[in-house]
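The values are calculated or read from the model by the stated rules, or taken from the named source; none is laboratory data. Remember, it's a predicted structure, so these values are computed and weren't measured experimentally. Cβ coordinates were reconstructed from backbone atoms using ideal geometry, including for glycine residues, and neighbour counts include every protein chain displayed. When the accessible area is computed, the model is the full protein with side chains, heavy atoms only, and any ligands, DNA or RNA have been set aside. Shrake-Rupley method; radii C 1.70, N 1.55, O 1.52, S 1.80 Å.
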2 protein chains.
Amino acid sequence: MTGTISLPQGLSCPLPHAAIERVQLGHGSGGKLSAELLGDHFLPHFSNPVLDQLGDAAVLALGAGEVAISTDSFVVTPLEFPGGNIGALAVHGSLNDVAMMGAVPRYLTAGFIIEEGLPFAVLDRIVVAMAAAAAEAGVTIVTGDTKVVERGKADGLYINTTAIGTLERSFRPAPHRATVGDAILVTGPLASHGMAIMAVREGLAFEAEIESDSACVSPLVERLRAALGERVHVLRDPTRGGVASALNEIAETAGVGIELDEQALPIPGPVAAACEMLGLDPLYVANEGVVIVIVPEGVADQAIAALRAHPLGVGATRIGRICGAHPGMVTMRTGIGGTRVVNMLPGDQLPRIC
Amino acid sequence: MTGTISLPQGLSCPLPHAAIERVQLGHGSGGKLSAELLGDHFLPHFSNPVLDQLGDAAVLALGAGEVAISTDSFVVTPLEFPGGNIGALAVHGSLNDVAMMGAVPRYLTAGFIIEEGLPFAVLDRIVVAMAAAAAEAGVTIVTGDTKVVERGKADGLYINTTAIGTLERSFRPAPHRATVGDAILVTGPLASHGMAIMAVREGLAFEAEIESDSACVSPLVERLRAALGERVHVLRDPTRGGVASALNEIAETAGVGIELDEQALPIPGPVAAACEMLGLDPLYVANEGVVIVIVPEGVADQAIAALRAHPLGVGATRIGRICGAHPGMVTMRTGIGGTRVVNMLPGDQLPRIC
């Protein structure tokens, strides 16, 4: 779409700014404006041989083995936050879900529900971040869809992504494989994503800005696979609901107990301060670039060393163990020597975090 | 979730109706309420061995051949309309996209963005319709995701679906294969979906209610494949933007001209009346259970016979031809003997139709 209407020579009639700088309802009509939205704002960034065919569907050869597939809708508000935006997050989130199955992420689809009036400048930054995140992860965005809804609906932008990854028979971490005696590790500091979002929303100012940890964790998974193979029992990304919810699900699925050490939890100072200020428990706050890793205690140090060899995993550390006592339940040894139960949250701690 | 709070014997305290009959923000938190939303309102309807594992991702064996994959977000308003609802539409829409590549649809993912306050009664009807549509198409919903956004954001419900279908080498219809001399068919009456939605929105009352044609068209594709194989040059579902937009895209992609016969277009009487009343051109109105089929003229009658043997295709008919004149352009012989150009729409005819 150009910024001027053709007129007899010597005259010019710039379109009103609102008409050219923001998404309009017509961009979702399936007509010429839709084609322009695609051609001007998506294809230049996402271009690849599969997507560029623009068929009703993308055609892929996935090979004879099994694949892992995961879908996620992202409704985070605000759209842009320290350490990332909804676009990068939508790529990382779905890729991480297939990585947690032990798969190597390969392909991604993207569906955009755009609010009328979203500035193209914002959309472009988000699309560029998505493209960069996909490229960094070595993943191709093979097909997509755009819809436009009226002003006031959709908070600017919602994004759905579906990720496909390829699996090998010899590497199948799964929650039910958590075994009594296993060590529980995390690959880095906790609660950064959720608190980065909350700090922006609540207008909190700290000396050190809290940045989202949003990242594709595949390189960490690859290192664990190379170092330990089948001895990696469980991988889980503690997103919505945080470490507490993820561990409760693992305890229930595997029928084991889980003991955490409060003093071992890597909560960065500014994150801990923000949590305290807002009355939030960091164990329930979302992470978007951290993995819970469960391995036999005998190889835990080896796992930590493998993780620390990658920049994303320098903060890798032990936070607890799988135990035979209280199956299905997560408990925590507190800093003052007591023990408390870490429940699933009944309702909502932080809405619209991812 | 139960409808009462436990109190000492003899007392009872029913929860307010709003709390138990409608989706709450907490249902999107990733905690206990999220698990209940899933367990009470999705899993009972979608249950299958892959989905029931509830991992971070689903694991599938797709075979060694190629697959077609397509994603689509559905934002139709109203959520329920004559002939269907957003749930069935979200299944049909994505399955049809992979069917247009010649693929047999196999698997589906589903992402739900639910507005706080959506009555569970409505959600349940939509989920039941999705499950029925998937079952009828022989497709499994293998993984999904739910998010909840605040009241006023999302018009009740948005649904994203991603479909995966398996492809055979010997059946690859594609827009660029449209060839001068080919016949252009449609498999049934046009413009029913869009006008069913518009009639509800505008409160139009006709003697005969207009019903959406929303349907999975795979059985029609299967019959064409069996009857004609590689001689099926192009399949295309004329959804958003209607027949006019789909044919313009085909003309441009294949570098051919297209001639339509206005009098051959199968527009049902009530649909034509509604279009006239609202000043809409049925060629631009969305269809959700119709296919544009392009085959060599010599086998066109055979294709029509194959289509008419299935209930979805009884209205199959010829509407035009591929010509060498005016490449990239669609024209129409009008009822009064003239010829007019059928353009891509520049902007918006009907928003929020799918």
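Of the residues making up the stretch B:177-195, those that are open to solvent by 10 Å² or more (accessible area, probe 1.4 Å) and more than 18 Å from B:Gly242 (Cα to Cα) are B:Arg177, B:Thr179, B:Val180, B:Gly181.
Looking at the stretch B:234-248, which of its residues are open to solvent by less than 30 Å² (accessible area, probe 1.4 Å) and in a loop (DSSP other than H, G, I, E, B)? Within the stretch B:234-248, B:Asp237, B:Pro238, B:Gly241 qualify. Just one residue in the set A:Val200, A:Val127 is part of a helix (DSSP H, G or I), open to solvent by 40 Å² or more (accessible area, probe 1.4 Å) and either among the aromatic types (Phe, Trp, Tyr) or touching a residue at least 40 places away in the same chain (Cβ under 8 Å) (or both); that residue is A:Val200.
Which one is nearest to the other protein chains (Cβ to nearest Cβ) among residues in the stretch A:139-152 that are among the polar types (S, T, N, Q) and within 22 Å of A:Val98 (Cβ to Cβ)? This residue is A:Thr143. Before we move on, is A:Leu283 in contact with a strand residue (DSSP E or B) (Cβ under 9 Å, 6 or more places away or on another chain), within 14 Å of chain B (Cβ to nearest Cβ), of a type outside the set (Phe, Trp, Tyr) and assigned to a helix (DSSP H, G or I)? For A:Leu283, the condition - in contact with a strand residue (DSSP E or B) (Cβ under 9 Å, 6 or more places away or on another chain), within 14 Å of chain B (Cβ to nearest Cβ), of a type outside the set (Phe, Trp, Tyr) and assigned to a helix (DSSP H, G or I) - is met. Residues that are within 30 Å of B:Val98 (Cβ to Cβ), open to solvent by less than 30 Å² (accessible area, probe 1.4 Å) and assigned to a loop (DSSP other than H, G, I, E, B): does the stretch B:297-309 have at least one? The answer is no; no qualifying residue exists. Among what's in the stretch B:48-67 and is facing chain A (nearest Cβ under 7 Å) and of a type in the set (Val, Ile, Thr), pick the residue that is surrounded by the most Cβ atoms within 10 Å (Cβ to Cβ). Filtering first and then ranking leaves B:Val67. Cβ-Cβ distances below 7 Å connect the following pairs, each with a first residue in the stretch B:39-57 that is at negative phi, a second residue that is among the aromatic types (Phe, Trp, Tyr), and a separation of six or more residues or different chains: B:His41/B:Phe120. Here A:Thr162, A:Thr187, A:Thr179 are screened, and the one residue that is closer than 30 Å to B:Val75 by Cα, in contact with a strand residue (DSSP E or B) (Cβ under 9 Å, 6 or more places away or on another chain), among the β-branched types (Val, Ile, Thr) and modelled with pLDDT of 95 or more is A:Thr162. In the stretch A:22-38, the residue that is farthest from the other protein chains (Cβ to nearest Cβ) out of those that are among the hydrophobic types (A, V, I, L, M, F, W, C) and free of Cβ contacts under 8 Å to residues at least 60 places away in the same chain is A:Ala35.
For the stretch B:249-280, filtered to residues that are outside any loop (DSSP other than H, G, I, E, B), within 14 Å of chain A (Cβ to nearest Cβ) and surrounded by fewer than 23 Cβ atoms within 10 Å (Cβ to Cβ), the residue that is nearest to the chain's Cα centre (by Cα) is B:Glu249. Residues that are more than 15 Å from A:Glu136 (Cα to Cα) and part of a helix (DSSP H, G or I) within the stretch A:222-233 comprise A:Arg223, A:Leu224, A:Arg225, A:Ala226, A:Ala227, A:Leu228, A:Gly229, A:Glu230, A:Arg231, listed in sequence order.
Within the stretch A:107-130, not a single residue is closer than 27 Å to A:Ile294 by Cβ, in contact with a helix residue (DSSP H, G or I) (Cβ under 9 Å, 6 or more places away or on another chain) and among the charged types (D, E, K, R).
Looking across the stretch B:153-171 at every residue that is farther than 15 Å from B:Val91 by Cα and facing chain A (nearest Cβ under 7 Å), the one that is least open to solvent (accessible area, probe 1.4 Å) is identified as B:Ala154.
Taking the criterion of being open to solvent by less than 20 Å² (accessible area, probe 1.4 Å) and of a type in the set (A, V, I, L, M), would at least one residue in the stretch B:339-347 satisfy it?
Among the residues of the stretch B:339-347, at least one is open to solvent by less than 20 Å² (accessible area, probe 1.4 Å) and of a type in the set (A, V, I, L, M), which makes the answer yes.
Among the residues here, A:Ala174 does not qualify as more than 12 Å from every other protein chain (Cβ to nearest Cβ), touching a residue at least 40 places away in the same chain (Cβ under 8 Å) and open to solvent by less than 50 Å² (accessible area, probe 1.4 Å).
Residue-level check: of (1) acidic (Asp, Glu); (2) farther than 30 Å from A:Ala61 by Cα; (3) buried (at least 16 other Cβ atoms within 10 Å of the Cβ), A:Glu209 misses just (3). A single member of A:Leu283, A:Leu312 is open to solvent by less than 40 Å² (accessible area, probe 1.4 Å), at pLDDT 95 or above and either closer than 20 Å to A:Gln263 by Cβ or not aromatic (Phe, Trp, Tyr) (or both), and it is A:Leu283. B:Ile336 satisfies every condition listed in (1) aliphatic (A, V, I, L, M); (2) open to solvent by less than 50 Å² (accessible area, probe 1.4 Å); (3) more than 14 Å from chain A (Cβ to nearest Cβ) except (2).
May I ask you to verify whether A:Glu288 is of a type in the set (D, E, K, R), assigned by TED's automatic domain parsing to the domain that holds A:Leu220 and open to solvent by less than 20 Å² (accessible area, probe 1.4 Å)? Yes, satisfied. Of the residues in the stretch B:74-90, at least one is open to solvent by 10 Å² or more (accessible area, probe 1.4 Å), in a helix (DSSP H, G or I) and not polar (S, T, N, Q).
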